[in-house]
Every structure is written in structure tokens, then in C-alpha cells.
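The values are calculated or read from the model by the stated rules, or taken from the named source; none is laboratory data. Model, not experiment: these values are computed from the prediction. When we count neighbours, we look across all protein chains shown, and the Cβ atoms used for this are built from the backbone with ideal geometry, even at glycine.
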Amino acid sequence: MSTSAPPLPPETDITALKRLAAGIIRVQGNRFIKDLLRAKGIPLGANKDEFQLHLAEAIENGLLVLDDVSEWLSNVEGWGNQHVYLYSLSPSLRQGLVDETIRANVSAAGLDAVWNGQTTLAFPDEPTLTSISFKDSVLRILWQESSPSWVPAPGKNYQENEDLDLYEYRAFRQVERRAVTRFEAHLRHGMAALFISDPIQGAEHQAALDEAHRVIALLMDFPELQKRMFNIAKVSRNLDQKNVPTNDSPEPEVKTQRSRLASGGSYVEFAANSSSKAYWEESAVQSVRNSVRAEQLPAFDGAEGVFIFQPTQDGFDRPFRVQLFGKDNRIRLWAQMDAAEAWAILLKLKAHK
């Protein structure tokens with residue numbers, strides 16, 4: 001019995017999806033792109049150029065459609081390589097996180113146009129609020145910005161003689177790089193997080209913070225949320241203390257590459273020269289660190305810490321590097337990851353607040 005080929009999407013969708021594919025190929029990690037290709041039975045290829053070729057062919061043949069890309073992007077676009085601000089949800093904040101209340105607040109704020117907004121094919125030139133949704137007890141707010149850039153296309157280079165001179169023309173291809181800012185409040189986890197990709201230096205990061213705070217305040221009690229911001233100095237201190245091995249402790253799940261403990265106007269710092277090692281892997285340094293007893297710990301704040309979350313049987317399949325900044329209550333996720341991995345890291349941090 002023969003099966004019919006899937007219907008081809010409209011030409012406008014094909015063009016838009018191919019434009020989107022060209023951009024996400026250049027931004028996303030290869031492991032995530034391979035997951036999408038494998039899931040749809042599309043040949044993998046050996047590099048990003050081949051990934052893009054196979055994706056484009058699948059789009060043209062109707063094997064990869066908008067819904068496929070939308071679902072995939074929601075899990076991998078804009079996760080990791082970010083700054084994160086983390087909050088606990090108080091009982092009063094939880095009471096306001098119900099569909100009727102959120103929907104009414106969206107309407108009162110004049111934001112109906114972005115309710116359940118479809119963001120996959122959105123390429124705004126400036127940071128733009130593109131979607132607000134409330135599903136499965138999760139409030140999601142999304143801002144997007146497209147910043148086109150040029151990448152070399154050596155296959156299009158050519159030389160040409162003109163009069164007595166030889167000219168060489170070097171080609172570049174424009175690709176879309178989308179920046180994503182998101183806020184998510186999870187009732188089940190009892191916490192919320194604001195994710196910003198813009199670098200900490202410059203005005204863009206502060207502008208993204210201000211805009212996020214403005215919109216969040218339209219939908220929930222923002223002063224109450226601010227009061228519930230995680231004290232990252234305590235998280236860093238406690239995470240370090242918990243993962244310094246002792247003679248009878250199992251191998252820690254987290255390696256502390258650097259930890260600065262501050263008290264008053266002084267500090268002490270423990271650090272490994274290698275970015276992949278824990279400082280306590282040197283036994284002499286471990287002995288010094290173990291001299292800080294649990295009852296002495298409240299006298300210190302974790303001014304800064306760099307932690308390497310290790311692969312575990314029930315957790316990650318690769319290490320993740322996370323930096324904690326106590327002064328401004330900021331988390332830096334250095335690795336690119338998917339949504340589940342990012343939230344798993346944040347839940348581990350929550351356990352040490």
C-alpha cells in the first residue's frame with residue numbers, strides 16, 4: 001500500500017522557514033541541530049553548511065514544517081549563554097498566577113495583540129515584546145530582536161580581469177541572528193527567572209532589564225517579586241560549602257573552580273588555574289578550605305563563584321559552567337543548553353538559597 005507525500009507548505013512559508021533556518025544554523029550548537037534533523041529523519045551532514053542544505057531540502061519537500069521548527073525552537077533558542085535573575089514566588093504571587101487573572105491583566109494593559117503570540121517567524125529590528133502566554137501553570141513573556149550579520153561565503157568568491165588589473169571579489173552571506181529575552185514564572189517550581197542575552201557591558205542589558213520590569217509589573221505584583229529575588233551571595237557560599245569533599249563524602253556533583261568568600265571589608269579566594277578543575281583537587285588547598293566550619297559560614301558572603309556542574313546518571317550528559325555574582329544577584333550560564341537543562345541548573349541553585 002503506497003502512502004502519499006505530505007502536502008507542500010505555501011511558498012511564503014517555505015521562504016520564511018528557509019530564512020529562519022539560515023539564521024538558527026549559525027547560532028545554535030551542532031548537537032541541538034542534529035536532534036532536530038534526527039527527529040525528522042533528515043540526513044545530518046558533517047558541518048553547518050550541510051546542515052543548512054539538508055534543512056532547506058526538507059522544508060522544500062514538506063518534511064519540515066512550521067510547527068516542527070516552532071516546537072524545537074521553544075526548547076533550544078535563547079537558552080544558555082545568558083544572564084539570569086532568579087526569584088521565589090510568595091503565596092500572594094502564586095495566587096495571582098491563574099489564567100483568569102493573567103488574561104485580565106493582559107487585556108487591561110492593552111497587550112491582547114501578543115497574547116499567545118507566534119514568534120517563530122518574527123524578526124523585529126528592535127527589541128520587541130512578541131508573546132505572552134500562560135500554559136501548564138507557567139507564565140511566559142518573550143522579547144525578540146533580529147540583528148542581521150554577514151558570514152563569509154567562499155564558494156561565491158571569484159576573480160575578474162579588468163584592463164590590466166586582476167580583481168578578487170569576496171562574498172559574504174547575510175544571516176539572521178535573533179536575540180531572545182524571556183521571563184518565566186513556574187508555579188510548580190515556586191520560582192521565576194528573567195533571562196537576558198545582552199552583554200552586561202553597555203546600555204542594552206540595562207534597557208532589557210528596564211523593559212522586562214515594566215511589562216512584568218503590568219501582569220503581577222512586581223515590588224513583591226523584587227523582594228523575593230534570590231540572594232546569590234548566599235547561594236554561591238552554600239553551594240561551595242556543600243561541594244567541598246571530605247574523607248567520607250561521595251564525589252561532589254559540582255566542582256568549584258573559583259570561590260571568593262567575603263566578610264566585611266576583606267575576602268579570601270580559592271581558585272584553580274584550570275577552568276575545568278576544582279580548586280579543592282589540590283589536597284593542600286582543600287585542607288585550608290575545610291578549616292571553614294559550617295557554624296562559621298554565616299559570617300561570609302559568596303562574592304563570586306564559578307561552578308562546573310558535572311554529568312550525572314539522573315541529570316546532565318555533559319558539564320555546565322555557571323558563574324554566580326553576589327553583588328548584583330546575577331547568574332551567568334556560560335554553556336548553550338536547552339530549556340530543560342537551564343531549569344535543572346536553576347533548581348539545583350534553589351536548593352542552596
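When you look at residue 216, is it in a loop (DSSP other than H, G, I, E, B) and either at pLDDT 95 or above or under 24 Å from residue 339 (Cα atoms) (or both), yes or no? Step through it out loud before you land on a result.
Values: in a loop (DSSP other than H, G, I, E, B): no; either at pLDDT 95 or above or under 24 Å from residue 339 (Cα atoms) (or both): yes.
Answer is no for this residue.
Among (1) surrounded by fewer than 18 Cβ atoms within 10 Å (Cβ to Cβ); (2) out of contact with any helix residue (DSSP H, G or I) (no Cβ under 7 Å at 6 or more places or on another chain), where does residue 255 come up short?
Condition (1) is where residue 255 drops out.
Just for region 171-197: of the residues that are out of contact with any Lys or Arg (no Cβ under 8 Å at 6 or more places or on another chain) and over 24 Å from residue 350 (Cα atoms), which one is surrounded by the most Cβ atoms within 10 Å (Cβ to Cβ)?
My answer is 178.
Determine, yes or no, whether residue 286 is in the same structural domain as residue 239 (by TED's automatic domain parsing), touching a helix residue (DSSP H, G or I) at 6+ places or on another chain (Cβ under 6 Å) and touching a residue at least 40 places away in the same chain (Cβ under 8 Å). Walk me through it before giving the result.
On the way: in the same structural domain as residue 239 (by TED's automatic domain parsing): yes; touching a helix residue (DSSP H, G or I) at 6+ places or on another chain (Cβ under 6 Å): yes; touching a residue at least 40 places away in the same chain (Cβ under 8 Å): yes.
Criteria met by residue 286.
Does region 308-347 hold any residues that are among the small types (Gly, Ala, Ser) and either modelled with pLDDT under 90 or within 14 Å of the chain's Cα centre (by Cα) (or both), and which are they?
The answer is 315, 335, 339, 340, 342, 344.
Pairs needed: first member in region 304-329, within 14 Å of residue 269 (Cβ to Cβ); second member anywhere, part of a loop (DSSP other than H, G, I, E, B) and at pLDDT 85 or above; C-beta distance under 7 Å; at least 6 residues apart or different chains.
Close Cβ pairs (under 7 Å, with a partner that is part of a loop (DSSP other than H, G, I, E, B) and at pLDDT 85 or above) amount to 304/326.
Filter region 258-298 down to the residues that are aliphatic (A, V, I, L, M) and exposed (fewer than 11 other Cβ atoms within 10 Å of the Cβ), then identify the one that is nearest to the chain's Cα centre (by Cα).
Applying the filter and picking the extreme gives 294.
Okay, residues lined up against (1) in a loop (DSSP other than H, G, I, E, B); (2) over 19 Å from residue 233 (Cβ atoms):
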position: 280; (1), (2): no, yes
position: 288; (1), (2): no, yes
position: 296; (1), (2): no, no
position: 306; (1), (2): no, no
position: 327; (1), (2): yes, no
position: 342; (1), (2): no, yes
position: 349; (1), (2): no, no
position: 352; (1), (2): yes, no
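Give the residue that is nearest to the chain's Cα centre (by Cα), with candidates limited to residues of region 184-204 that are among the aliphatic types (A, V, I, L, M) and either over 14 Å from residue 127 (Cα atoms) or not in a helix (DSSP H, G or I) (or both).
By that ranking, first place goes to 196.
Which one is surrounded by the fewest Cβ atoms within 10 Å (Cβ to Cβ), of the residues in region 329-340 that are assigned to a strand (DSSP E or B) and aliphatic (A, V, I, L, M)?
335
With the checklist (1) part of a helix (DSSP H, G or I); (2) modelled with pLDDT of 95 or more in hand, flag the one item residue 207 doesn't pass.
(2)
Inside region 54-149, counting only helices (runs of 4 or more DSSP H) that do not spill past its ends, which hold 1 or more residues that are modelled with pLDDT of 90 or more and surrounded by 14 or more Cβ atoms within 10 Å (Cβ to Cβ)? Let's see the steps before the verdict.
Values: elements: 66-76, 91-96, 99-108.
By residue number, 91-96, 99-108.
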